[in-house]
Each structure stands twice: as structure tokens, then as C-alpha cells.
Amino acid sequence: CMMQDTVMAVPAVPLTHNGKSYFGCCEMCKAKIAAEPERYTLARDPVSGAVVDKATAALLSVDGRVYYFESAGTRDRFASDPSRYARGAGAGGR
């Protein structure tokens, strides 16, 4: 679920915002993305600190949490040592 930045055991609910595809876990996610799009469509790359669009970001799941990256390079750096970068990783571009 891109709204919760977690891997869910249920099929994803496709959501469209500004012509881009995002995925939630339930119908309530549609209301969340409509009410606060920047909070739910953006994330901060935990390696570079860049704000990225979740619809186009490189993704990696670690221990059930999804992380978003500006490139495959920063994703690979994170994957080589997740504990180094995951501590301060936050979603929503905040």
C-alpha cells in the first residue's frame, strides 16, 4: 500500500492521480490521496534525500516496509546496507 508504505497481503487497489498510477490497500486510500495528495504520492529517497514521486520511483521492500528511490543506484546502495539508511527514512517528502 503506497499510502502506508507497506507490503500488504491483499490485492492492490489501483488509484489514479494527475494521470499517474498509485496503489492502495482499500477504497479508503482513494479518499486519502484525494485529500492530501502530496503526503501520499511523494516520498523521500533515504539515501540521497531527494523527494520522489511514488508512481515513478525505484522500489525496495525490507521487512514489509516499502522504500522509494530516485534511481536504481540509490536503491542498490540502500540494499547493500539497509540498517545504515532506514533509520531516518520518512515518507511523504517530509
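Out of curiosity, is VAL47 closer than 18 Å to SER21 by Cβ, of a type in the set (A, V, I, L, M, F, W, C) and at pLDDT 95 or above? Judged against the criteria, VAL47 is not a match. Are any of the residues in segment 39-48 over 13 Å from the mean Cα position of the chain (by Cα) and open to solvent by less than 40 Å² (accessible area, probe 1.4 Å)? Within segment 39-48 (the criterion being over 13 Å from the mean Cα position of the chain (by Cα) and open to solvent by less than 40 Å² (accessible area, probe 1.4 Å)), the answer is yes, since at least one residue qualifies.
Can you name the residue in segment 49-58 that is open to solvent by less than 40 Å² (accessible area, probe 1.4 Å) and not in a loop (DSSP other than H, G, I, E, B) and, of all such residues, is farthest from ALA9 (Cα to Cα)? Result: VAL52. Among residues that are modelled with pLDDT of 90 or more, open to solvent by 40 Å² or more (accessible area, probe 1.4 Å) and within 11 Å of the chain's Cα centre (by Cα), SER61 is included. Taking the criterion of being farther than 17 Å from ALA86 by Cβ and aliphatic (A, V, I, L, M), the residues of segment 41-75 that qualify are LEU42, VAL51, ALA55, ALA72.
For segment 10-38, residues that are modelled with pLDDT under 90, within 29 Å of SER83 (Cα to Cα) and open to solvent by 80 Å² or more (accessible area, probe 1.4 Å) total 1.
The values are calculated or read from the model by the stated rules, or taken from the named source; none is laboratory data. These figures come from a predicted structure and were not determined experimentally. In this analysis, Cβ positions are derived from the backbone assuming ideal geometry, glycine residues included, and neighbour counts consider all displayed protein chains. The protein model used for the area step is the full one, side chains on, heavy atoms only, and it has no ligands, DNA or RNA in it. Shrake-Rupley method; radii C 1.70, N 1.55, O 1.52, S 1.80 Å.
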